[in-house]
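Engineer: Structure provided below as structure tokens; questions to follow.
The values are calculated or read from the model by the stated rules, or taken from the named source; none is laboratory data. The model shown is predicted, which means the values in this text are computed figures rather than measured ones. No Cβ is skipped: glycine too gets one built from the backbone with ideal geometry, and neighbour counts run over all protein chains shown.
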Amino acid sequence: MKKGLTVLLIVAAVVLGIFLWVKGAYNKMVTADEGVQAAWAQVENVYQRRADLIPNLVATVKGYAQHESETLENVVAARAKATQTLVDPSDLSEEAIARFNEAQGELSSALGRLLMIQENYPDLKANQNFSELQAQLEGTENRIATERMKFNETARAYNTLIRKFPDNIIASMFGFEKKGYFEAQAGAETAPKVEF
């Protein structure tokens, strides 16, 4: 009887230990997953700020550069595509982030062409509203870079957590999957050629 009780207590202690380990590992992964989703929400927030600045910038340029309608239309179209390219926070796969990044890259390119218009229009360059919008846009671009970096760091910590042994067992049991990263645009590794 005493042996049976001792064996029962040992089995109960082992089961309780395994339960506490699984519970702790699972809760740690949930916390890390929520951190990745919060970082993603902040990335979307700063991209939305940039998208919100664009209509005012386009309207300001339109008043000075009537015959630059193709550039303005390209910016508006790129903004529409970028704001329609959404990523589900529960599916932050590399493919989903790449699609989002591509749409945002097209918008960045169109904005670059829009901002270059000011070189041809000295009055636009001197316009205070344009200057303020340009400064806000530059600040937003810096915020985007910062938030993308924070997202990548948070995703890396999460991915490391779910890949470590023995936590990877719990991750696979409960469906925790690897998150994607923001990567540099194609061709970013090549320095631009500057000629005078």
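Engineer: Confirm whether residue 148 is in contact (Cβ under 8 Å) with a residue 12 or more places away in the chain, surrounded by fewer than 14 Cβ atoms within 10 Å (Cβ to Cβ) and under 29 Å from residue 49 (Cβ atoms).
Structural biologist: For residue 148, the condition - in contact (Cβ under 8 Å) with a residue 12 or more places away in the chain, surrounded by fewer than 14 Cβ atoms within 10 Å (Cβ to Cβ) and under 29 Å from residue 49 (Cβ atoms) - is not met.
Engineer: Same structure, new question: For residue 141, state whether it is in contact (Cβ under 8 Å) with a residue 40 or more places away in the chain and under 25 Å from residue 22 (Cα atoms).
Structural biologist: The answer is no for residue 141.
Engineer: Additional query: For region 20-34, which positions are under 24 Å from the mean Cα position of the chain (by Cα) and surrounded by 16 or more Cβ atoms within 10 Å (Cβ to Cβ)?
Structural biologist: 29, 32, 33 - these are the residues of region 20-34 that are under 24 Å from the mean Cα position of the chain (by Cα) and surrounded by 16 or more Cβ atoms within 10 Å (Cβ to Cβ).
Engineer: Select, from 107, 92, the only residue that is outside any helix (DSSP H, G or I) and either under 19 Å from residue 183 (Cα atoms) or in contact with a Ser or Thr (Cβ under 9 Å, 6 or more places away or on another chain) (or both).
Structural biologist: Step by step, each of 107, 92 is checked, and only 92 is outside any helix (DSSP H, G or I) and either under 19 Å from residue 183 (Cα atoms) or in contact with a Ser or Thr (Cβ under 9 Å, 6 or more places away or on another chain) (or both).
Engineer: Being surrounded by 12 or more Cβ atoms within 10 Å (Cβ to Cβ) and part of a helix (DSSP H, G or I), is that true of even one residue in region 8-19?
Structural biologist: No, there is no match, as no residue in region 8-19 is surrounded by 12 or more Cβ atoms within 10 Å (Cβ to Cβ) and part of a helix (DSSP H, G or I).
Engineer: Scan region 116-125 and tell me whether some residue there is more than 16 Å from residue 48 (Cβ to Cβ) and not in a helix (DSSP H, G or I).
Structural biologist: yes
Engineer: Test each condition in (1) of a type outside the set (A, V, I, L, M, F, W, C); (2) out of contact with any Leu (no Cβ under 9 Å at 6 or more places or on another chain); (3) within 22 Å of residue 69 (Cβ to Cβ) for residue 134 and report the one that comes out false.
Structural biologist: Answer for residue 134: the failing condition is (2).
Engineer: For region 60-89, which positions are surrounded by 13 or more Cβ atoms within 10 Å (Cβ to Cβ), part of a loop (DSSP other than H, G, I, E, B) and modelled with pLDDT of 85 or more?
Structural biologist: Matches in region 60-89: 85, 87, 89.
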